[in-house]
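Chemist: I'd like to ask some things about the structure below.
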Amino acid sequence: MYRDERYGAGILYAEWPAGESAPAVEVTTRFTTRDRMVDVTRPGGSPAPEDRAALAKYRESSRLVRTDGIVKKTSQQITKGIDNDVEKARAIYEWIVDNTFRDPKVRAKLFGQWEMNWLAYNYAHDVKLVSSKDEPVAFLMYPQAETGEGRKDSLDPDAFRYKITSRELGA
């Protein structure tokens, strides 16, 4: 395990000798869930405030994940005159829905096998993979792999395969 210095994200790193014909790794993660449903449309339904310093770390711009420039200017225009964080988030969401579209010519970027049992592994930005000679990845939304020939295309199932499954464990 490797831990990202900036965000503290745990990153599994595995290495095989050159010429390994079928490199494979299996990862089992156990976690406990809890219902954090909050009805933000009802008075008193807002979630507890988050620590401002913690939020600032995840909202700051990085080299590969921009939150400054046109992103900041556009979000300020969208939320002008809105004081409530929930309403700001709703306004930005509605703007995205109204002003973006899925270009069918662009390769789909789906997250593995989506089962709605999602555990966030992607909270670090500009992640330099261990022993990598390539550029950092913007974030860890998809598993990543490299060989002696370079980085595998995580969106090409013929070049790089992975499967995500989940099941409920008994108490």
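The values are calculated or read from the model by the stated rules, or taken from the named source; none is laboratory data. Worth saying up front: this structure is predicted, and the values here are computed from it rather than measured. Reconstructed Cβ throughout: ideal geometry from the backbone, glycine too, with neighbour counts over all protein chains shown.
Chemist: Can you tell me which residue in the stretch 133-151 is surrounded by the most Cβ atoms within 10 Å (Cβ to Cβ), limited to those that are aliphatic (A, V, I, L, M) and part of a loop (DSSP other than H, G, I, E, B)?
Modeler: Step one: list which residues in the stretch 133-151 are aliphatic (A, V, I, L, M), which gives 137-138, 140-141, 145.
Checking which are part of a loop (DSSP other than H, G, I, E, B) leaves us with 140-141, 145.
Numbers: Leu140: 20, Met141: 14, Ala145: 17.
Taking the candidates together, the pick is Leu140.
Chemist: Sticking with this structure for a sec: Among the numbered criteria (1) among the charged types (D, E, K, R); (2) at pLDDT 80 or above; (3) loosely packed, with under 13 Cβ neighbours inside 10 Å, which one does Lys109 miss?
Modeler: Lys109 satisfies every listed condition except (2).
Chemist: List pairs: first in the stretch 89-112 and within 30 Å of Lys163 (Cβ to Cβ), second at pLDDT below 90 and exposed (fewer than 10 other Cβ atoms within 10 Å of the Cβ), Cβ under 8 Å, 6+ apart or cross-chain?
Modeler: Short answer, once both residue conditions are applied: Gly112/Lys163.
Chemist: Out of (1) polar (S, T, N, Q); (2) surrounded by 13 or more Cβ atoms within 10 Å (Cβ to Cβ); (3) under 21 Å from Tyr7 (Cα atoms), the odd one out for Ser154 is which?
Modeler: The one condition Ser154 does not meet is (3).
Chemist: In this structure, is Arg36 over 30 Å from Ser132 (Cα atoms), at pLDDT 80 or above and under 21 Å from the mean Cα position of the chain (by Cα)? I'd like the intermediate steps shown before the answer.
Modeler: On the way: over 30 Å from Ser132 (Cα atoms): yes; at pLDDT 80 or above: no; under 21 Å from the mean Cα position of the chain (by Cα): yes.
It is false that Arg36 is over 30 Å from Ser132 (Cα atoms), at pLDDT 80 or above and under 21 Å from the mean Cα position of the chain (by Cα).
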